[in-house]
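Written below as structure tokens is the structure these notes are about.
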Amino acid sequence: MKILILQVATPNIKDYSIYSIPININYSIKWDHDFLLYTSKEEEIDHHPAWLKITAFYNINIEKYDWIWVLDTDAVINNQKIKLENIISNCNKPIIISKNGKNGGRHLNSGSFLIKAEFVKELLLRYEHCVSKGYKFLNKRFWDQELINDWYEESPEYFSVRKMKELNSHWRIYGASKEYCLEHGLDYIATYNQQNNLILHFMSLPKDIRIDWMRNNWICNQIKILKKISIFAS
């Protein structure tokens, strides 16, 4: 099975993408997946740059792949022991995606989803239809996620919907104390229990906090690697 991991980076998110990209590339190397970092200036697109996650497909040789994993740039592959093949195994639907769960909002979260390569053309057709009709979410939150949710409401048979923790997370408070959780009305236990998730998704955070927590996560990741090297060397 040939899998591509796709992430998009624009200048306005480079401050935190530098902490997710190396970790995610490491995962791709470990499991022999291709990794594409699609870089772009915002002016490449006439609407919100979040849509680059979809328009990037115009520049990919889709025929090379069986599946493509689309990841937000604030999504970090946390548990690198989990194989994508095990998530995809025996799935007969072309899109694998997570419930939005405790994030609130509509049904699905598009920050981490798998799409069968042969089905990408259907996604692009829907995108083109949105552009031609002046879709209100081209520049309004939650952008591409609203397209996915509209599609799901119309054609749920295309979607394999998984629990949030399987392919995504509602990790908003990495490293937060019990006091912080109480102050902000967050569930400390639920947050703690996500430490073994495949993904830590640092979404819906103020930019300075997102950068700080993603940096801390990257440092912890490097410490783990150094400890392994030390064990092998001794």
Worksheet, complete the sentence: Here the alpha-carbon Rg of region 99-145 over 2.2 N^0.38 Å rounds to 1.29
Practice prompt. Can you tell me the dipole magnitude for the chain around its Cα centre, using point charges on the Cβ only (Lys, Arg +1; Asp, Glu -1), in Debye to the nearest 20?
Written response: 720
Worksheet item: Helix 120-132 versus the longest principal axis of the chain: what angle, 0 to 90°, nearest 10, using Cα atoms?
Response: 70
Discussion item. I'd like the Karplus ³J(HN,Hα) series for region 142-154: coefficients 6.51, -1.76, 1.60, θ = phi - 60°, whole numbers in Hz, and an x wherever there's a Gly or Pro.
Written reply: 10, 6, 4, 4, 5, 4, 4, 5, 4, 4, 4, 5, 7
Item to complete: Report, to the nearest whole %, how much of the accessible area of the chain belongs to carbon and sulfur atoms, 1.4 Å probe, protein only.
Response: 52
Worksheet item: On average over all directions, what projected area in square nanometres does region 2-114 have, based on the convex hull of its Cα atoms?
Response: 7.9
Fill in: Value at 222 nm in deg cm²/dmol, rounded to 500, when DSSP H runs of n ≥ 4 in the chain each add -39,500 (n - 2.57)
-12000 deg cm²/dmol
Worksheet entry | Spatially proximal aspartates and glutamates relative to LYS81 (Cα-Cα < 14 Å; intrachain offsets below 8 disregarded) | ASP32, GLU166
Discussion item. Going through the cross-link list LYS30/LYS93; LYS99/LYS207; LYS64/LYS116, which pairs have a Cα-Cα distance over 19 Å in this structure?
Written reply: LYS30/LYS93; LYS99/LYS207
Worksheet item: With every protein chain left in place, what is the accessible area per residue of the chain in square angstrom, probe 1.4 Å?
Response: 52
Item to complete: Calculate the dipole size of region 1-125 relative to its Cα centre from +1 charges on Lys and Arg beta carbons and -1 charges on Asp and Glu beta carbons; express the result in debye to the nearest 20.
Response: 520
Worksheet item: Which whole number in µm²/s is D for region 30-75 by Stokes-Einstein, with the Kirkwood Rh taken over Cα pairs at 10 °C and 1.306 mPa s?
Response: 130
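Highest mean first, how do 61-72, 133-144 rank when packing is the count of other Cβ atoms within 10 Å averaged over residues? Before the final figure, lay out the partial values.
On the way: 61-72: 18.7, 133-144: 14.9.
Going from most to least packed, we get 61-72, 133-144.
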Worksheet item: For the chain, what relative contact order do you get, as a whole percent, if you take Cα pairs closer than 8 Å and at least 6 residues apart?
Response: 23
Practice prompt. Please determine, in degrees from 0 to 90 and to the nearest 10, the orientation of helix 207-233 with respect to the longest principal axis defined by the Cα atoms of the chain, where the helix direction is its Cα long axis.
Written response: 60
Item to complete: Would you work out if region 59-142 is rounded, prolate or oblate? Take a ≥ b ≥ c from the square roots of the eigenvalues of the alpha-carbon gyration tensor; rounded if a/c is under 1.5, else prolate when a/b is larger than b/c, oblate otherwise.
Response: oblate
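Counting only DSSP beta bridges with both residues in the chain, tell me the antiparallel percent, nearest 5.
Around 45 percent antiparallel, to the nearest 5.
The values are calculated or read from the model by the stated rules, or taken from the named source; none is laboratory data. Nothing here was measured: the structure is a model prediction, and the numbers come from that model. As a convention, Cβ positions derive from the backbone with ideal geometry for all residues, glycine included, and neighbour counts pool all protein chains shown. Heads up: the accessible areas ignore ligands, DNA and RNA and are worked out on the full protein's heavy atoms, side chains in. Shrake-Rupley method; radii C 1.70, N 1.55, O 1.52, S 1.80 Å.
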